[in-house]
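Worksheet: the structure to be examined is printed underneath.
The values are calculated or read from the model by the stated rules, or taken from the named source; none is laboratory data. Bear in mind that the values here come from a model prediction, so they are computed numbers and not experimental data. Reconstructed Cβ throughout: ideal geometry from the backbone, glycine too, with neighbour counts over all protein chains shown. Ligands, DNA and RNA are stripped out before the accessible areas are found, and what is left, the full protein with its side chains, is counted by its heavy atoms. Shrake-Rupley method; radii C 1.70, N 1.55, O 1.52, S 1.80 Å.
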Amino acid sequence: MTTATTGADGGLRIEAGRWDELLEADGSARPAAASLVARLRELGLAELQERQVRADLDILTMGITFTVYSDGRGIDRAWPFDVIPRVIDAAEWRGVEAGLVQRMSALNRFIDDLYNDQEVVRDGVFPAELLESSTSFRPECRGVRPAYGVWAHICGSDLVRDADGTLYVLEDNLRVPSGVSYVLENRLISKRAFADLFERQSILPVDAYTDELYKLLTSLAPDGPRHPSVVVLTPGVFNSAYFEHSFLAQRMGVPLVEGPDLVVGKDDRVYMRTIAGLQPVDVIYRRVDDVFLDPEAFRSDSVLGVPGLMRAWRAGTVAIANAPGAGVADDKVVYAWVPDLIRYYLGEEPLLASVPTYRCLYEEERQYVLDHLHEMVVKPANESGGYGLLIGRSATAGELAARAAAIEADPRNWVAQPILDLSTAPTICDDGIEARHVDLRPFILSGRSSYVTAGGLTRVALRKGSLVVNSSQGGGSKDTWIVEADPLRTEPPGPHEPS
């Protein structure tokens, strides 16, 4: 495990154990992180702790919050941020970026196929019974062909690195992925904490995201308007991601609306209620789940959606991102087929690895899971935010028995994966700097072209030994630096860095 102490000379010693994102196994800095590690050792623990305090104050002053409802209180909390960034070599990142674009291309073709010709089912690549039992397949979307054949315009894919350095895609979030606002806010705070490093090295920027998002959304508008009207549809202030909804609307300069602010006219067009009367809406960036989008089409008791919205979307008078029904590919059971889908639709081998996944709906795989529960991470097919996750080696005998019973009762709803030894990054803790497990959520925009954030949201498991990084489960975050490694660096090494 990575630990840190303050040496007699005031320098900061950081020792590496398992795969660390900043350090080699011998404790020397990884090439892309050399400048950062040298600076950390130069500053020392006390100064880093002071910078952490200032970062926490910045977060409070800027009002960067998130909401957790699992504790029954549902109150806003200051965003948890660790001031020590995670660093990835730009050369490695270019390969990751290509892999993410490849993955989204295949997934969008898969979704479009499912709602239209279903060739993937007829060709025996994807099982019909899995589609029939999918809780996220929306028959109301059959026959629709969105612009560019894209259904999942915004995706947040979760990446993890194993002990041997391999990066895996852990899951794809295709419904209403959240977290990108914190990528942008983390960068602002990180620039204040390490302004000198941003001046001295090439750290790829992230602040173009909202411009790229707005460009994508306007490109989806139905033919006609030269200046399309775009809105962000939010469930309201009590949603856990409301900070992000308001942040993105403000950054793009578009209205933030709730369901009652919109109405569908007799002409099947969507209009926004304003003090100047009804104004047409061309594109909706929705942050409302499918089942609440339209009480005429889905849940009749929904007060979050817009009656008739699906009718307008099917008529082609309004674009919706992400498109209704995109969540059919967000199913964690479907995840196991993604490598095959890439081969089927693109004729290519996957550029990014997927975690081996046991599908409990198949008897042989289910039995293996039940026999090895203590070695598995077991997930429900359609939950998010870390809810329903069971890590076998950390579970009690009672929890394991309960999960086994749940799997037997509804095998289609469960998948299992081996427990990976996730990579770590040095993190400021109460007792100094210690290793904490991390993952990474980059964001991919898909439309006429593709855009991938330079890095993304590094989430960190703040509790010692924990593998759960979700903020709703006690996790925190780091800024992610994509850095061009400089083998000819002229800066002097830190006090404990080999010359």
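Divide the volume of the convex hull around the Cα atoms of region 252-341 by the residue count and you get 120 Å³ per residue.
Based on the mean of other Cβ atoms within 10 Å per residue, sort peptides 389-398, 35-44 so the most packed one is first.
Ranking, from highest mean packing down: 35-44, 389-398.
Across the chain, Cα pairs under 8 Å and at least six residues apart give a relative contact order of 24 percent.
Using only Cα atoms, what Kirkwood radius does region 66-168 have, in angstroms? Walk me through the numbers on the way to the answer.
On the way: mean 1/r = 0.0564 Å⁻¹.
Evaluated over region 66-168, this radius sits at 17.7 Å.
Segment ARG412..TYR148, full-extension length gain: 91.8 nm, with 0.36 nm per residue of separation and the alpha-carbon distance subtracted. By the rule of a C-alpha distance below 17 Å, with chain neighbours fewer than 8 residues away ignored, the lysines paired with LYS464 are LYS478. Whole-percent P(r), region 308-360, all Cα pairs, 10 Å bins from 0: 20, 33, 26, 19, 1.
Helix 397-409 axis versus longest C-alpha principal axis of the chain: approximately 30°, rounded to the nearest ten.
Computed packing ranks the peptides 316-327, 201-212, 454-465 as 316-327, 454-465, 201-212, most packed first, by mean other Cβ atoms within 10 Å. Between ASN116 and SER219, the distance separating the two model label sites (each 7 Å from Cα on the Cα→Cβ line) works out to 1.8 nm. Approximating the spin labels as points 7 Å out from Cα along Cα→Cβ, the LYS266-to-LEU346 distance works out to 4.9 nm. Which FRET efficiency, nearest 0.05, do ARG251 and TYR368 yield, Cβ-Cβ r, R0 35 Å? Efficiency, rounded to the nearest 0.05: 0.15. For region 300-392, the C-alpha radius of gyration divided by 2.2 N^0.38 Å, with N the number of residues, is 1.48. Across region 325-338, computed HN-Hα scalar couplings (Karplus, 6.51 cos²θ - 1.76 cosθ + 1.60, θ = phi - 60°) run x, 4, x, 4, 8, 8, 4, 5, 6, 4, 3, 5, 9, 4 Hz from first to last residue, x flagging Gly and Pro.
Whole number in Å², please: accessible area per residue of region 20-119, 1.4 Å probe, ligands, DNA and RNA not counted. Don't jump to the answer; show the numbers that get you there.
Values: 3730 Å² over 100 residues.
Value returned for region 20-119: 37 Å² of accessible area per residue.
Across the protein chains, with a 1.4 Å probe defining accessible surface, the residues SER157, SER450 rank SER450, SER157 from largest area downward. A compact globular protein would have a Cα radius of gyration near 2.2 N^0.38 Å; the ratio found for region 229-301 is 1.10. Relative to the current alpha-carbon distance between LEU204 and GLU50, full extension at 0.36 nm per residue lengthens the span by 52.8 nm. Surface calculation, 1.4 Å probe, protein heavy atoms: TRP79 sits at approximately 20 Å² accessible.
Computed log10 I(q)/I(0) for the chain at 0.12 Å⁻¹: -1.15, from the Debye equation with unit scatterers placed on every C-alpha and solvent omitted.
Could you give me the ³J(HN,Hα) list for region 283-297, computed from phi with Karplus coefficients 6.51, -1.76, 1.60 and θ = phi - 60°, whole Hz, x at Gly and Pro? So the Karplus estimates, Gly and Pro as x, are 9, 10, 8, 8, 10, 10, 5, 3, 5, 9, 5, 8, x, 6, 9 Hz.
Computed from phi, the 3J(HN,Hα) profile of region 87-92 under the Karplus parametrisation 6.51, -1.76, 1.60 (θ = phi - 60°) reads 10, 10, 5, 4, 5, 5 Hz, with x in place of Gly and Pro.
Under the classification rounded if a/c is under 1.5, otherwise prolate if a/b is larger than b/c and oblate if not, where does region 316-458 fall, given a ≥ b ≥ c as square roots of the Cα gyration tensor eigenvalues?
Here region 316-458 falls in the oblate category.
In this structure the amide hydrogen of VAL83, modeled in the peptide plane, comes within under 5 Å of the amide hydrogens of ILE428, none closer than 5 places in sequence on its chain.
Taking all protein chains as shown and a probe of 1.4 angstrom, THR234 keeps an accessible surface of around 0 Å².
Dividing the mean sequence gap of close Cα pairs (under 8 Å, 6+ apart) by how many residues region 254-381 holds gives a relative contact order of 18 percent. Counted over the chain, the DSSP beta bridges are approximately 75% antiparallel. Comparing GLN250, LEU373, SER394 along the charge dipole axis of the chain, the residue lying farthest to the positive side is GLN250, per the Cβ-charge model. The angle between the Cα long axis of helix 34-62 and the main principal axis of the chain comes to about 50°, on a 0 to 90 degree scale. In this view, the solvent-accessible surface of LEU351, computed with a 1.4 Å probe and all protein chains in place, comes to about 100 Å². Rounded to the nearest 10 degrees, what's the angle between the helix 180-193 long axis and the longest principal axis of the chain, both from Cα atoms, 0 to 90? Here the helix axis deviates by roughly 20 degrees.
What whole-number value in Å² describes the accessible area per residue of region 167-224 for a 1.4 Å probe? Walk me through the numbers on the way to the answer.
Working: 2270 Å² over 58 residues.
Here the residues of region 167-224 average 39 Å² of exposed surface.
Region 125-146 and region 268-342 have Cα centres spaced 16 Å apart.
Could you list the residues of region 438-457 with an amide nitrogen less than 16 Å from a label point located 7 Å from the Cα of GLU92 in the Cα-to-C-beta direction? Answer for region 438-457: 438-442, 454-457.
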